[in-house]
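Scroll down for the structure; my scribbles are underneath it.
Only the coordinates and a few stated rules stand behind these numbers; no lab work does. None of these values were measured; they are calculated from a predicted model. Cβ: placed from backbone, ideal geometry, glycine included. Neighbour counts: every protein chain shown.
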Amino acid sequence: MFSDKKSFQEAFLKKLEMTYGKSFKESTVQDHYHTLGNMVREYISSDWISTNEIHRSSHTKQVYYLSIEFLLGRLLGQNLLNLGIREVVKEGLSDLNISLENIEEIEVDAGLGNGGLGRLAACFLDSLASLNLPGHGYGIRYKHGLFDQKIVNGFQIELPEQWLRHGNSWEVRKLDQAIEVNFWGEVEMVQEDGKFSFRHVKGEPVSAVPYDIPVIGYKTDTVNTLRLWNAEPSSFPVHKDVMEYKRQTEAVSEFLYPDDTHEDGKILRLKQQYFLVSASLQSIIRAHRNTYQTLTNFHEKVAIHINDTHPVLAIPELMRILLDEEKMEWEDAWYITSNTISYTNHTTLSEALEKWPIDLFQPLLPRVYMIIEEINERFCKELWESYPGDWQRIENMAILAHGLVKMAHLAIVGSYKVNGVAKIHTDILKEREMKDFYQFYPAKFNNKTNGITHRRWLLKANPQLSSLITEVIGDQWIKQPHSLIKLQEYVKDPSFLQGLKTVKQQRKKLLADIIQEQTGIKIDSNSIFDVQVKRLHAYKRQLLNVLHIMYLYNRLKEDPNFQIVPRTFIFGAKASPGYYYAKKVIKLINSVADVVNHDPQTSPFLKVVFLENYRVSLAEYIFPAADVSEQISTASKEASGTGNMKFMMNGALTLGTMDGANVEISEAVGKDNVFIFGLKAEEVLSYQQNGGYRAYDYYHHDKRIRQVLERLTNGFLPDTYDLFEPIYDSLLMQNDEYYVLRDFDSYVTAQQKVNEAYRNENKWLQMSATNIAHSGFFSSDRTIEEYASDIWGIHSTKNLLNQ
Ligand code: 26Y
């Protein structure tokens with residue numbers, strides 16, 4: 001049906017009529033979207049079936065990627081591109097006077113994630129399928145993804161997100177494969193054949209119903225699966241209030257929890273974690289049993305990867321199944337489990353490591369808790385043998401301590417590999433945060449520097465730049481991103497640079513139009529687009545950026561000789577609803593924007609834009625238009641960052657600290673092609689260990705800082721009264737935990753260098769080209785190949801597919 005535009009048109013019109021019982025004339029864009037979505041799903045169904053069939057019959061090892069978040073964004077455009085049918089469809093529709101772009105635009109993002117960790121999972125799925133690797137995702141089908149953000153009077157307002165309201169063409173409900181997950185209840189000891197064993201009984205059952213979404217590889221026949229679990233009532237219990245049971249059950253997959261540190265919803269979050277893990281493991285095991293009739297070879301045929309600690313209960317859950325259902329001995333079950341599971345850590349912030357109060361944990365998951373107790377006891381014994389008498393060390397490393405279950409400790413003990421997500425992050429884990437564990441299990445630790453799928457963040461998001469690249473070096477880079485390095489030969493080529501300039505201008509104009517439409521702010525598309533888009537967090541230091549803007553404004557007002565290249569500062573960020581400080585920073589950005597944008601004296605040079613509701617689909621317009629990529633976290637705090645890679649690939653220059661993947665970006669392109677500033681990780685760590693930082697000193701000795709900080713609270717920002725006092729206090733009274741004032745001067749200097757560099761257009765374009773040329777390393781294809789060979793032991797099924 002997609003072989004040529006005529007047959008596509010016929011199939012499309014027929015499908016439209018059959019599905020909606022409407023004539024073409026009466027149909028809406030929404031109808032067109034769903035019709036096209038259904039057609040694509042039907043089109044790939046035979047490849048989907050045969051991929052599964054091949055995986056089964058060839059007995060090839062599979063990897064299952066368990067993640068509490070999958071931030072997929074829109075699927076239609078990417079699927080058409082990967083199938084290589086986007087042009088046919090576009091032309092076919094255009095003959096009917098329908099714009100494919102308009103159809104693509106009405107798709108609501110699948111926003112089942114908060115940020116980096118969820119988007120990484122989505123990029124990995126694309127790479128797995130495109131590399132013909134047998135790898136599948138398991139997640140939760142949240143009814144409401146991450147909240148929709150509205151900005152009202154400068155403040156963030158959260159509205160429930162409703163991505164399923166118009167239905168979802170990509171998913172297939174598989175009721176026949178539903179699985180029961182049990183909460184609460186008790187543990188019963190039974191004696192069978194003279195052996196004691198345990199059983200979880202009298203639990204409250206929840207039915208996990210799978211919804212499968214095809215994951216279509218780029219121009220290949222592989223179609224992998226993302227399985228999302230929906231929580232539904234199981235058989236209705238007789239003794240309970242039926243409505244109450246229904247409500248409680250459905251609540252399990254109702255909302256994605258924003259990444260916050262707040263108490264509410266704690267128990268529900270733990271329920272979600274176990275729900276994901278138990279349903280996924282039971283389903284993986286069922287498939288394995290069907291093929292092999294035994295679980296003794298489970299670890300040879302299955303790798304299970306846990307994306308941070310959120311799915312770490314996979315470890316005791318697999319133990320539970322092997323012990324209680326499969327009746328294995330502890331040692332055998334432990335051997336299989338600890339050779340099946342691998343774990344990625346995404347943070348060094350110790351306050352972000354998950355710890356669950358035992359009081360809350362044990363009643364909800366009594367059998368799983370018992371197993372964790374046993375794992376802990378055996379682990380502590382092992383420690384005792386290695387470190388006799390070293391109680392302190394054992395207490396620090398225990399899984400259960402001080403009334404808490406320490407999820408990261410469980411993850412390290414029960415996994416065969418543990419990795420960080422950028423070189424510096426893995427080093428910090430080894431040398432500091434997880435030092436004791438590294439000493440005990442040196443061979444488990446390894447690095448896997450993150451990556452992004454260049455097929456979404458370049459090929460799809462930036463077709464103009466993609467065409468230019470292909471004109472110059474051919475299209476090999478799409479399958480082999482490393483060959484982007486061939487551009488290095490052209491970084492001084494005037495016609496390539498001219499092309500790059502034209503593309504950037506085009507994309508800046510497009511973003512300028514979107515900004516005007518959304519915010520009413522008219523921006524100069526020849527100004528420098530200086531962008532910071534990411535979750536709002538203190539450590540990411542959006543505050544440093546906004547304080548610098550206030551400083552620039554002051555200089556422009558006060559110093560007639562001060563001149564800058566016109567600059568537009570663009571922000572996009574969601575703050576966790578309960579994260580009080582982060583919400584203040586959003587309001588501050590908007591208050592500063594109000595003053596700056598309305599001052600006729602400065603507005604030709606300075607504009608500030610806060611884009612509402614930052615999400616994957618909006619990001620696809622932002623990265624291609626950026627000149628400067630703000631990656632300004634306090635060194636040592638950002639595990640990797642992946643936005644930095646999306647910017648680089650689209651030719652923006654990084655202005656950043658030596659943190660996360662910035663370090664590797666700067667190594668790749670060389671010091672002359674990035675703007676690095678600020679404290680180094682060792683310096684931050686040394687301050688933290690030895691003290692010696694006094695924020696007040698920087699306030700007293702730097703007039704620029706004083707002026708800017710006073711203006712937070714002295715009425716300079718209209719109608720804000722004492723609103724920003726907490727920010728002021730965090731910097732001075734609480735001694736500036738993230739070293740904003742310490743890095744201020746260095747940041748100002750780096751920004752001056754940006755300003756000067758931009759004046760030399762040719763030089764800037766060369767730097768931009770160099771960044772694109774070296775971005776291939778940061779493709780998730782490279783990352784996934786490393787995971788596949790070093791951790792999972794899985795292989796491409798390409799040869800099998802072609803048979
Ligand atoms: C509270 C809890 C359940 C929770 C939920 C979400 C905790 C953390 C998160 C999300 C963390 C996250 O997105 N981390 C980011 O992962 C990226 C991918 O590895 C990194 O690039 C980025 O530096 C890191 O902050």
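Which of 800, 443, 585 sits closest to the plus end of the dipole of the chain, meaning its Cα is farthest towards the positive end, when Lys and Arg get +1 and Asp and Glu get -1 on the C-beta?
The residue sitting farthest along the positive end of the dipole is 800.
What does the highest-first list of 458-467, 640-649 look like by mean Cβ count within 10 Å?
Most protected by this proxy first, the peptides run 640-649, 458-467.
Give me the distance between the Cα centres of segment 260-326 and segment 380-442, rounded to whole Å.
22 Å
Run the reach check for residue 798 against aspartates and glutamates, Cα to Cα strictly under 12 Å, same-chain hits fewer than 8 apart removed. What comes back?
Filter leaves 221.
Going by how many other beta carbons lie within 10 Å of each one, how would you line up 124, 198, 255, fewest first? Display every interim value, and only then the final one.
On the way: 124 29, 198 16, 255 20.
If I rank by nearby Cβ atoms, fewest first, I get 198, 255, 124.
Would you please give the FRET efficiency between residue 254 and residue 106, computed as 1/(1 + (r/R0)^6) with r the Cβ-Cβ distance and R0 = 22 Å, to the nearest 0.05? Walk me through the numbers on the way to the answer.
Numbers: r = 25 Å, r/R0 = 1.12.
Calculated value: 0.35.
For the chain, what's the relative contact order in percent, using C-alpha pairs closer than 8 Å and at least 6 residues apart?
Contact order relative to length: 14 percent.
Once fully extended, how much extra length lies between residue 479 and residue 25, figured as 0.36 nm per residue of separation less the alpha-carbon to alpha-carbon distance?
159.4 nm
I want the local charge near residue 106. Using Cβ-Cβ distances under 11 Å, sum +1 for each Lys or Arg and -1 for each Asp or Glu among the other residues.
Charge balance near residue 106 sits at -4.
Using Cα-Cα distances under 8 Å and only pairs 6 or more residues apart, what relative contact order does segment 229-388 have, in percent?
For segment 229-388, the relative contact order is 20 percent.
May I ask you to evaluate 6.51 cos²θ - 1.76 cosθ + 1.60, the Karplus curve with θ = phi - 60°, for each residue of segment 575-584 and list the ³J(HN,Hα) values in order in whole Hz, giving x for glycine and proline?
After applying 6.51 cos²θ - 1.76 cosθ + 1.60, I find 10, 4, x, x, 8, 4, 4, 4, 5, 5 Hz.
Among the aspartates and glutamates, which fall within straight-line cross-link reach of residue 5, defined as a Cα-Cα distance under 13 Å, with same-chain neighbours fewer than 8 residues apart omitted?
87, 91, 95
Using only Cα atoms, what Kirkwood radius does segment 657-803 have, in angstroms?
On the way: mean 1/r = 0.0513 Å⁻¹.
The Cα-based Kirkwood calculation yields 19.5 Å.
Under unit Cβ charges (Lys, Arg +1; Asp, Glu -1), what dipole magnitude, rounded to 20 debye, does segment 531-604 have relative to its Cα centre? Walk me through the intermediate numbers first.
Numbers: 11 positive and 4 negative charges, 111 e Å.
Roughly 540 debye, rounded to the nearest 20.
Give 406/680; 195/406; 423/540; 202/271 a once-over and call out the pairs whose C-alpha atoms are over 21 Å from each other.
Violating the 21 Å limit, Cα to Cα: 406/680; 195/406.
Roughly how many Å is it from the Cα centre of segment 482-554 to that of segment 203-238, as a whole number?
Rounded to whole Å, the Cα centres lie 39 Å apart.
Just subtract the alpha-carbon distance of residue 246 and residue 680 from 0.36 nm times their residue separation and send over the number in nm, one decimal.
Value of the extension gain: 151.0 nm.
Would you mind getting me the FRET efficiency between residue 756 and residue 559? Use the beta-carbon distance for r and R0 = 25 Å, nearest 0.05.
The value I calculate is 0.90.
I need the calculated FRET efficiency for the pair residue 381 and residue 195, taking r as the beta carbon distance and R₀ as 25 Å, to the nearest 0.05.
Approximately 0.65, to the nearest 0.05.
Can you list residues from other chains, or at least 5 along the same chain, whose modelled amide H is less than 5 Å from the amide H of residue 303?
62, 63, 64
What pairs from 25/174; 646/763; 25/522; 501/753 go past 30 Å between their alpha carbons?
25/174; 25/522, as the Cα separations exceed 30 Å there.
How would you order 609-619, 771-781, 373-383 from highest to lowest mean count of nearby Cβ atoms within 10 Å?
771-781, 609-619, 373-383
Give the percent of DSSP beta bridges with both residues in the chain that are antiparallel, rounded to the nearest 5.
Rounded to the nearest five, the antiparallel share is 45 percent.
Could you work out how far apart the two model spin labels at residue 702 and residue 180 are, taking each label as a point 7 Å from the Cα in the direction of the beta carbon, and quote it in nm?
The answer from the label model is 6.3 nm.
Could you work out how far apart the two model spin labels at residue 57 and residue 435 are, taking each label as a point 7 Å from the Cα in the direction of the beta carbon, and quote it in nm?
Inter-label distance under the simple model: 5.6 nm.
What ranking do 174-181, 384-391 get when scored by the average of other Cβ atoms within 10 Å per residue, highest first? All intermediate terms of the calculation are to be shown ahead of the outcome.
Details: 174-181: 14.8, 384-391: 11.2.
Packing order, densest peptide first, comes out as 174-181, 384-391.
What is the sum of charges around residue 93, taking Lys and Arg as +1, Asp and Glu as -1, for the other residues whose C-beta is under 12 Å from the C-beta of residue 93?
-2
Can you give me the relative contact order of segment 298-446 as a percent, contacts being Cα pairs under 8 Å and 6 or more apart?
Across segment 298-446, relative contact order equals 29 percent.
Considering only Cα-Cα distances, which of the following residue pairs are longer than 23 Å: 327/355; 574/637; 583/637? Let's see the in-between values first.
Numbers: 327/355 30 Å; 574/637 19 Å; 583/637 20 Å.
Among 327/355; 574/637; 583/637, the Cα-Cα distance tops 23 Å for 327/355.
If you stretched the chain out fully between residue 164 and residue 50, how much longer would it get, using 0.36 nm times the residue separation minus the C-alpha to C-alpha distance? Write down the numbers at each step before the final one.
Working: separation 114, 0.36 × 114 = 41.04 nm, distance 2.84 nm.
Fully extending the segment from residue 164 to residue 50 adds 38.2 nm.
Rounded, prolate or oblate: which fits the chain when a ≥ b ≥ c are the square roots of the eigenvalues of the alpha-carbon gyration tensor, with rounded for a/c under 1.5 and prolate only if a/b beats b/c?
oblate
Treat the count of other C-beta atoms within 10 Å as a stand-in for reagent exposure and order 48, 457 from fewest to most. If you can, show how the numbers build up before the last one.
Working: 48 21, 457 29.
Going from least to most buried by this count: 48, 457.
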